[in-house]
C-alpha cells in the first residue's frame, strides 16, 4: 500500500510541472498574427486588463456534447438529454410560448424553418452520445461569436404556419 501511495504521489507531482513547448505548441508561432513577440513567461503577463468594447465577451455554455449540444433542452425543468419526444406539428401549434421556450435551440430552429421532421435536431443528436467526454462541446464556435459580436437580444420569429417561435 505504501508503494502505491508513493507511486501515486510521484505521478501527481510530476504532472504538476509543465513540459517544454515543442514544434506546433510553441507560442512563438503566434508572433506573426500578433505582430509582436509573444512571451510565455508568467511573470511578464499583465495583472489586469479591459475590453475596448464592453458589449463583447458575453458568457454562455459550451453546449456539451454529452448532453446533446444545441439539441439540449437547457431551459426545460426536465431536459432528458437524448430521450425527449419531438413535438408534432399540431402539438407545436397548440403549445404556449412558455412550452416552446423549453425546447432546444435546434428544435426551435427547425420549427422556425417549418421543418416538423426536425432535420437539424436529429442530425445533431446523431453526432453526440451521453458517453462523450465531459469537456467536449462547441465552445470553439461560441467563444468566437462572443468575442466578435454583441450579445443577441431575444426575438420571436413567426414561421410560415403562424407559429411564434421564441429565440433567446
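Observations on the structure shown:
- Residue match in the range 42-57 (condition: closer than 30 Å to residue 162 by Cα, exposed (fewer than 10 other Cβ atoms within 10 Å of the Cβ) and either more than 18 Å from the chain's Cα centre (by Cα) or modelled with pLDDT of 90 or more (or both)): no
- Residue, surrounded by the fewest Cβ atoms within 10 Å (Cβ to Cβ), within the range 78-95, restricted to residues that are touching a helix residue (DSSP H, G or I) at 6+ places or on another chain (Cβ under 8 Å) and closer than 21 Å to residue 131 by Cβ: 82
- Among the residues of the range 151-167, those that are at pLDDT below 95 and loosely packed, with under 12 Cβ neighbours inside 10 Å comprise 152, 153, 154.
- Residue in the range 130-151 that is outside any loop (DSSP other than H, G, I, E, B), in contact with a strand residue (DSSP E or B) (Cβ under 6 Å, 6 or more places away or on another chain) and closer than 21 Å to residue 59 by Cα present: no
- Checking residue 98 against (1) surrounded by fewer than 11 Cβ atoms within 10 Å (Cβ to Cβ); (2) in contact (Cβ under 8 Å) with a residue 24 or more places away in the chain, the condition it does not meet: (2)
Here is a yes/no grid of residues against (1) free of Cβ contacts under 8 Å to residues at least 40 places away in the same chain; (2) surrounded by 10 or more Cβ atoms within 10 Å (Cβ to Cβ); (3) within 25 Å of the chain's Cα centre (by Cα):
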{"position": "25", "(1), (2), (3)": "yes, no, yes"}
{"position": "29", "(1), (2), (3)": "yes, yes, no"}
{"position": "38", "(1), (2), (3)": "yes, yes, no"}
{"position": "64", "(1), (2), (3)": "no, yes, yes"}
{"position": "76", "(1), (2), (3)": "yes, yes, yes"}
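The values are calculated or read from the model by the stated rules, or taken from the named source; none is laboratory data. These numbers come from a predicted model, not from an experiment. Here Cβ is always computed from backbone atoms with ideal geometry, including for glycine, and neighbour counts include all displayed protein chains.
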